[in-house]
Amino acid sequence: MSLVIAAIAIAVLTRAVKKLDIDHVIATAEATDPKLIALALVLIALSYGGLTFYDLFALRTIGRKDIPFRAAAVGSFTSYPIAHGIGAVALISPLVRYRVYAPYKLRALDIAKISVLTGLTFWLGNLTALGLSLMIDPDAFGWVEYWPPTLNRLIAAALLCGILVFVIWSWPGRRSQRWRLRLPSGPTVLLQILIGLFDLSTAALAMYVLIPAELGIDVARLMAVLIAATLLGFASHAPAGIGLFDATIMLGLGGDDQDQLLAALLMFRILYHLIPFVLSLSLFGGIELRRSWREGGAVRPASSASAPPCRQ
């Protein structure tokens, strides 16, 4: 299913790119105000900063208050960009976390609990942001044929009502006996939603400042399309959602001048996906290398000179 989705998205994107002037796209990207690029970098740094709290609250929820924030920050910053950059997030992310948290003796079941809880934060934030965006701009998906604004309002209302019901249900704190997992209580769920909204909002604003003002794209529409592109990218399991993410952005935000939109999309890709992927991969590789050196230095081969003397 993922391969079919990715193939369709790449075909749609290829057809759209053929109509563009690549030289003009590159020239537009090069002409972007460096101050806007710097502002986008600051917003992206804030977005990844908010991402570090995903693991922190998951660790606190499973009772591991002994693990410091810096370890949670490393766990978040390495697992998400690497898993998203390679693809198959549900498989790669727990493996990276297992290695990062190895000094703290977390079991495989603990890593699975962290993955569930961080995934819960991700989905709560995404669905809340999507509901609010569609409520503010019900015509956000007007580019999809037979998708009226009324349907968007219904979807937004259903999403927000579902989130509200979940908050009320989880308020006293629930425990799953089957998985031995304690779910966060209502106040913590609200905090998770705020963290998710902060992460998504700063990412959307980073892309917003890169898009030329003359395209007339408002923040609510950008937020809705960006969330849809992110979720579809995850569904494809392709590295960084390549193809599907880009096709959704081009179709959802595209207008008469798609050259400028593609230039902004390419810059966003480099700033938000490529640079964090390289940094997190370097950080994770450094951690593994340092750990292997320590383990290698701790093992000393036995010397034959230390053997006890034989008795006559």
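Side notes on the structure shown:
- Descending principal axes extents, the chain, alpha-carbon based, whole Å: 98, 53, 39
- Area of Trp169 that stays accessible when all protein chains are in place (1.4 Å probe, Å², to 10): 110
- Two-site FRET efficiency, Trp123 against Arg15, from Cβ-Cβ distance with R₀ of 35 Å, rounded to 0.05: 0.65
- Amide H partners (placed H, <5 Å) of Arg182, local residues excluded: Ser176
- Across the protein chains, with a 1.4 Å probe defining accessible surface, the residues Ser133, Ser115 rank Ser115, Ser133 from largest area downward.
- The range 217-238 and the range 36-76: distance between their alpha carbon centers, rounded to Å: 21
- Counting only heavy atoms of the protein chains and using a 1.4 Å probe, Lys65 has close to 150 Å² of accessible surface.
- FRET efficiency, 1/(1 + (r/R0)^6) with R0 41 Å, evaluated for Arg107 and Met1 via beta carbons: 0.80
- Helices that extend 27 Å or more along their long axis by alpha-carbon positions and average at least -0.5 on the Kyte-Doolittle scale are, among the DSSP H runs of the chain, 34-61, 108-136, 149-170, 186-210, 275-298.
- A Förster distance of 22 Å, applied to the separation of the beta-carbon atoms of Arg70 and Leu289, puts the FRET efficiency at 0.75.
The values are calculated or read from the model by the stated rules, or taken from the named source; none is laboratory data. Worth saying up front: this structure is predicted, and the values here are computed from it rather than measured. Glycine gets a Cβ as well: all are built from the backbone with ideal geometry, and neighbour counts include every protein chain shown. Areas reflect the complete protein model, heavy atoms only, side chains present, ligands, DNA and RNA absent. Shrake-Rupley method; radii C 1.70, N 1.55, O 1.52, S 1.80 Å.
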